[in-house]
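A quick write-up on the structure given underneath.
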Amino acid sequence: MRNAPLLVSLAVLVAVGIGFCRARVQRAGEQLPAFAPPPGAQLDALNAPLGSAVLAGRVVDIDGEPAPDVTVYVRSNNLPLWTRSDAQGRFRLEGLAAGPHDVALVKWGYPPRTAHLEQPGEGLELTLAPPKPPPAPLPSIRGAALSGRVAHPLGDPYADPEGYEVQLEPRTDITELQGAVLRRVRTDARGFFTLEDLAHGDYRVRVVPIWAESSTWPDLISLADAQLEHTAQSPDFVVFGLDCGALETTVVDAQGAAVDGAFAVLVDASDATRVWPPRISDAFGVLHFTDLPAGAYRLSLRAGESPVAEVLVEVEPARIARPQVPALVLRKR
């Protein structure tokens with residue numbers, strides 16, 4: 001019985017705890033706010049997108065013959081419905097609401113036609129619009145082969161070994177469907193070219209180096225050959241003369257020795273955006289630019305870490321300009 005006081009104390013504590021918890025639960029229930037039940041949702045009545053009406057019948061052409069493969073299209077309650085007529089022109093659409101309806105008939109080769117129906121029904125006969133007239137035939141395109149050659153005014157040694165691009169641009173309005181369109185053809189290393197099927201027409205002719213392929217600059221064609229009238233009576237071989245010159249010079253150092261590997265850039269003096277592909281002097285210090293339209297050019301030279309040397313050059317047609325360029329001061333490492 002020595003533990004009797006301890007047991008009594010524990011029983012009292014348990015009883016007090018139970019009473020405290022019961023009082024807290026009862027008080028919490030008394031303090032909860034009361035909420036009114038939410039009102040019921042007010043929804044509009046739903047309209048079924050499909051009705052019970054039927055639209056059926058057949059489609060005929062303007063001669064009263066059955067019209068197969070006609071699309072019959074109608075909208076009911078903003079819902080698109082369509083079907084296609086069978087081999088006898090019959091069609092059937094179900095699930096339509098009460099009318100009125102606009103029924104569209106669509107078929108390839110016929111203008112669309114719309115029929116207004118106050119109420120859908122069965123046994124209807126709908127008539128296609130008259131067929132579209134056949135399109136006007138395209139004008140026949142007449143042409144013939146054309147061969148030719150690009151002739152350099154300074155002779156073959158100064159012609160570009162990679163050849164040229166000959167461009168034939170119609171001078172007439174291409175929307176007239178006469179068959180004349182822009183044609184481009186490369187020449188071979190000797191300047192020869194062939195077009196198997198050039199449409200007859202009046203052409204503006206351009207000749208550009210291969211490095212300027214598909215562009216219009218620099219145009220090397222002579223003014224006398226810049227237009228071509230290609231007809232059934234015209235010759236099938238033409239020669240296009242070029243109107244251009246060339247530039248040659250020798251690059252030396254301060255001691256007069258040839259400079260191998262000098263880097264040269266040539267720019268049109270009147271338009272800095274027109275830059276020729278750079279050239280490198282050979283073992284004898286010689287560098288050259290060919291296929292240059294007449295005009296003024298700015299030639300810039302540099303070798304290694306030497307300062308840039310610059311000279312203004314005037315190029316004349318069918319002539320070789322040989323400017324004296326400043327000696328390059330080569331820096332030794």
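Structure notes:
- Taking the range 77-115 as the range and being among the small types (Gly, Ala, Ser) and under 17 Å from residue 64 (Cβ atoms) as the test, the residues that pass are 85, 87, 89, 115.
- Residues within the range 162-202 that are of a type outside the set (A, V, I, L, M) and under 19 Å from residue 215 (Cα atoms), tallied: 15
- Counting the residues of the range 32-81 that are part of a loop (DSSP other than H, G, I, E, B) and at pLDDT 90 or above gives 9.
- Taken over the range 309-319, the criterion of being surrounded by 15 or more Cβ atoms within 10 Å (Cβ to Cβ), among the aliphatic types (A, V, I, L, M) and in contact with a strand residue (DSSP E or B) (Cβ under 6 Å, 6 or more places away or on another chain) is satisfied by 309, 313, 315.
- The set of residues from the range 82-96 being farther than 16 Å from residue 125 by Cβ and in a loop (DSSP other than H, G, I, E, B) comprises just one member, 87.
- Qualifying residue in the range 194-214 (condition: more than 38 Å from the chain's Cα centre (by Cα) and surrounded by fewer than 20 Cβ atoms within 10 Å (Cβ to Cβ)): no
- Scanning the range 179-215 for residues that are out of contact with any Pro (no Cβ under 6 Å at 6 or more places or on another chain) and either outside the structural domain of residue 166 (by TED's automatic domain parsing) or part of a loop (DSSP other than H, G, I, E, B) (or both) returns 179, 181, 182, 187, 188, 190, 191, 200, 213, 214, 215.
- Meets criteria (hydrophobic (A, V, I, L, M, F, W, C) and modelled with pLDDT under 95) for residue 181: yes
- Any hit, the range 80-88, residues being crowded, with 16+ Cβ neighbours inside 10 Å and aromatic (Phe, Trp, Tyr): no
The values are calculated or read from the model by the stated rules, or taken from the named source; none is laboratory data. Since this is a predicted model, take the numbers as computed values, not measurements. Glycine gets a Cβ as well: all are built from the backbone with ideal geometry, and neighbour counts include every protein chain shown.
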